[in-house]
Amino acid sequence: MNYKTPGVYVEEIAKFPPSVAQVETAIPAFIGYTEKGPKNEPTRISSMLEYEALFGKAKNETFSLNEVPATTTPTVKPRTVTAELDTPNPFKMYYAMQMYFANGGGSCYIVSAGTAAGYPASVAKVDLEKGLNTLEKEDEPTLIVFPDAEGLASENEAYQLYNSALDQAELMKDRFIIMDVLGSVSAFRTAGPSSGPSGERLKYGAAYYPKLETVLTYSYDPEVVEVSGETLEHWKTNDSELYNLAKAAIESIKVVIAPSSSMAGVYAKVDSTSGVFKAPANVGLNYVVAPTEKISHEDQEILNVHPEAGKSINAIRTFTGKGTLVWGARTLDGNSNEWRYISVRRFFNMVEESVKKATERFVFEPNTANTWIRVQTMIENFLNQQWQDGALAGSKPEEAYYVSVGLNKTMSAQDILEGRMVIEIGMAAVRPAEFIVLRFSHKLQEA
């Protein structure tokens, strides 16, 4: 400083280099219809209680109940009530949130495609697309889920919606789409999400199959549902036995839901306990009775590896003694050696976004060797921490990553004249042991 007035001056000298702060990796955005709440305003919540306060509960279902009186002849049969679910409504957001938090989910965003007055008559693709578009202005969400996509008029509409979401993910490069196979596997492969104009967008999404039968029960209004000519609310005070039988019959019908919301919870749990570099697979699902379809080892072969379309589909399977497990870890770009695995794609998303935010402080700094060294050191320190955490392969740092920046390395003199600082980063991301092969042989007897 150019001191001009006599006195004592304090100068603070920076000794610590700049650092890269790791961004959050599992902040999903759920786009669907809600009972109430702000429309098309991404709202962050952190619990089921907060969701209910802001967005309400599920839309009530209607049931057909039938009382079967007790009999003594020809055999003794107790009084019973049977229940059938009438046409279920297509709005699954509330149940999806229950599954998300039950499977390890934390903070997330809710984008209500409905109106504050209540639920509309049906799910419309245009409403969900409007909700998706609002997320372009949000930086924090890293996962996108459509709990109500299964309620669209056709599977093709759902897959068009997924394509729009993949476009956004490819454009912003900081988010990942969790999808559901809503119809047949063959239809998903032929008419489902495509690689798009760039041929690259499938690496930003993963699909799961089949749907799940949960332990959740459907919401209903006891003042509307009737049995033997009166509402349940009436029987609650006039015939408690009939009321309890009817209530038990209704609650024996369990919610069936697509798996994407449960998987968002699994992603969040694995990220927090192990790290984003760990594949979100071989994990048990909570609140799940069983998948709606039983998938065998042979069935999964065509799901996991498809030589033509390359659209890998992650199976959810039931194993004896283990329960219901996520048994797949591939992106939709299953034929790519680079982006085959969900954990690799999401790890790169995290590093790219973290380094991007950290290097913004160097915009308009002198494009000289001093700045290059500071930037290189900052990124190397961050990647070294990732290597120590187990996210990068290699027995020593130079085998795990490299960072290069400088004149005649990554930049030409023309680059510097035009104001470009080019940084090249290479990483050896760890990959899941998807196929474990045990080789046994006879050992010859030795004298």
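Observations, loosely collected:
- Positive-end residue of Ala400, Gly284, Ala26, charge dipole of the chain with Cβ unit charges: Ala400
- Hydrophobic, long helices, defined as DSSP H runs whose alpha-carbon span along the helix axis is 24 Å or greater and whose mean Kyte-Doolittle value is at least -1.0, occur in the chain at 155-172, 342-359, 369-388.
- The loop-placed GluC sites (Glu not before Pro) in the stretch 411-447, going by DSSP, that have at most 16 neighbouring Cβ atoms within 10 Å of their Cβ come out as Glu418, Glu434, Glu446.
- Each Cα pair under 8 Å and six or more residues apart adds its separation to the average, and for the chain the resulting relative contact order is 17 percent.
- A cut-off under 11 angstrom between Cβ atoms defines the neighbours of Lys203, and their net charge, with Lys, Arg +1 and Asp, Glu -1, is +2.
- Shape call, the chain: gyration tensor on alpha carbons, a/c limit 1.5: prolate
- Remark: the stretch 367-447 carries a charge dipole of roughly 120 debye about the Cα centre, counting +1 on each Lys and Arg Cβ and -1 on each Asp and Glu Cβ.
- Straight-line reach from Lys137: taking Cα to Cα under 19 Å and skipping same-chain neighbours fewer than 8 places apart, the aspartates and glutamates in range are Glu24, Glu41, Asp127, Glu129, Asp167, Glu170, Asp174, Glu352, Glu353, Glu360.
- Order by protection proxy (mean Cβ within 10 Å, highest first), peptides 193-202, 100-109, 406-415: 100-109, 193-202, 406-415
- Base-10 log of normalised Debye intensity for the stretch 367-447 (one unit scatterer per alpha-carbon) at q = 0.11, 0.22, 0.26 Å⁻¹: -0.47, -0.98, -1.16
- Helix-derived mean residue ellipticity, 222 nm - over the chain, DSSP H n ≥ 4, -39500 (n - 2.57), to 500: -9500 deg cm²/dmol
- Dipole moment magnitude, nearest 20 debye, the chain about Cα centre, only Lys, Arg, Asp, Glu C-beta charged: 1060 debye
- By average C-beta atoms within 10 angstrom, highest first, the peptides 308-314, 54-60: 308-314, 54-60
- Taking all Cα pairs closer than 8 Å and separated by 6 or more residues, the relative contact order of the stretch 367-447 comes to 29 percent.
- Protection proxy ranking, peptides 231-243, 20-32, average beta carbon neighbours within 10 Å, highest first: 20-32, 231-243
- For the stretch 3-80, the gyration tensor built on C-alpha atoms gives a prolate shape. Its axis ratio a/c (a ≥ b ≥ c) is at least 1.5, and a/b is the larger of a/b and b/c.
- Checking the Cα-Cα distances for Lys57/Lys254; Lys39/Lys92; Lys125/Lys294 against a 28 Å cut-off, the pairs over it are Lys125/Lys294.
- Residue-count net charge about Gly275 - beta-carbon cut-off 13 Å; Lys, Arg +1, Asp, Glu -1: 0
- Gyration tensor (alpha-carbon) shape descriptor, the stretch 254-305, a/c threshold 1.5: oblate
The numbers here are math on the coordinates, done by the rules we state, and not lab data. Remember, predicted model here, so these are calculated numbers, not experimental data. Don't worry about glycine lacking a Cβ; one is built from the backbone with ideal geometry, like all the others, and counts go over all protein chains shown.
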